[in-house]
Each structure stands twice: as C-alpha cells, then as structure tokens.
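The values are calculated or read from the model by the stated rules, or taken from the named source; none is laboratory data. Since this is a predicted model, take the numbers as computed values, not measurements. Methodologically, a virtual Cβ is constructed for each residue, glycine included, from the backbone with ideal geometry; neighbour enumeration extends over all protein chains shown. Protein only, heavy atoms only, side chains kept; ligands, DNA and RNA dropped before computing areas. Shrake-Rupley method; radii C 1.70, N 1.55, O 1.52, S 1.80 Å.
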Amino acid sequence: MIKFFLMVNKQGQTRLSRYYEHVEINKRTMLEAEVIKKCLSRSKDQCSFIEYKDFKLVYRQYAALFVVVGINETENEMAVYELIHNFVEVLDKYFSRV
C-alpha cells in the first residue's frame, strides 16, 4: 500500500505531496525533511530503494526532480519504481517537457 507520494527538487523543496494516511502537519514536515535528506544524499550508483522506519522508500530522479514514494513492507518495490516512471511519462505527454 502506498503511504505517501512526494515530488522534490534538488534544493530539497517539496513541489507536490500527497498522503494516503492521516499524518499531522508538523510530522509531515519532519518526515519530508528526513526523507528528502536520505534520497538527496545518495549517489546515482546506489539502489533506489531505502528501508526507513516502518516502511520503504522508492525514489527516482529525473533531471532536477526527485519522485519519492513511501510504501509498506509488503508492497513490490519494482512495481512502484515502474509506477513512478509511468506517472512521469503521463505528465510529460500532458504538459510536454516535464
């Protein structure tokens, strides 16, 4: 199950966030800061799957944009990785030059 969906730029600013479970606003900002720090600090050679607290992070970088999805332990990481790519392709077709 997907817990949250984030789009973040290289400066660490959240451009889009969607939570599928209730999380208080102050906890959201702390969570986003920690997740962004973890994803931005990794090199391109490292795996795009991170175990974090009680869930997993799946992220993918497109130019200056990171797409990060938080999932539970039972979700398939590769399926979510492909979901991210499909989502970006749809955005690109709709808006052109995403």
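Some notes on this structure:
- Answer from VAL88, VAL80 - the residue that is of a type in the set (A, V, I, L, M), in contact (Cβ under 8 Å) with a residue 60 or more places away in the chain and either at positive phi or surrounded by 10 or more Cβ atoms within 10 Å (Cβ to Cβ) (or both): VAL80
- Across the range 29-68, the qualifying residues are those that are surrounded by fewer than 16 Cβ atoms within 10 Å (Cβ to Cβ) and basic (Lys, Arg), and the one among them that is nearest to GLU82 (Cα to Cα) is LYS44.
- Strands (runs of 3 or more DSSP E) within the range 46-98 that include 1 or more residues in contact with a Gly (Cβ under 7 Å, 6 or more places away or on another chain) and among the hydrophobic types (A, V, I, L, M, F, W, C): 55-62
- Subset of the range 1-19 (residues that are part of a loop (DSSP other than H, G, I, E, B) and either open to solvent by less than 80 Å² (accessible area, probe 1.4 Å) or at pLDDT 95 or above (or both)): GLY12
- Qualifying residues in the range 71-98 (those that are at pLDDT 90 or above and of a type in the set (Ser, Thr, Tyr)) - the one nearest to VAL8 (Cα to Cα): TYR81
- Residue match in the range 59-70 (condition: among the polar types (S, T, N, Q), at pLDDT 90 or above and either over 15 Å from LYS3 (Cβ atoms) or more than 12 Å from the chain's Cα centre (by Cα) (or both)): yes
- Failed criterion for ARG42 (all others in (1) assigned to a loop (DSSP other than H, G, I, E, B); (2) touching a residue at least 12 places away in the same chain (Cβ under 8 Å); (3) within 25 Å of LYS27 (Cβ to Cβ); (4) among the basic types (Lys, Arg) hold): (2)
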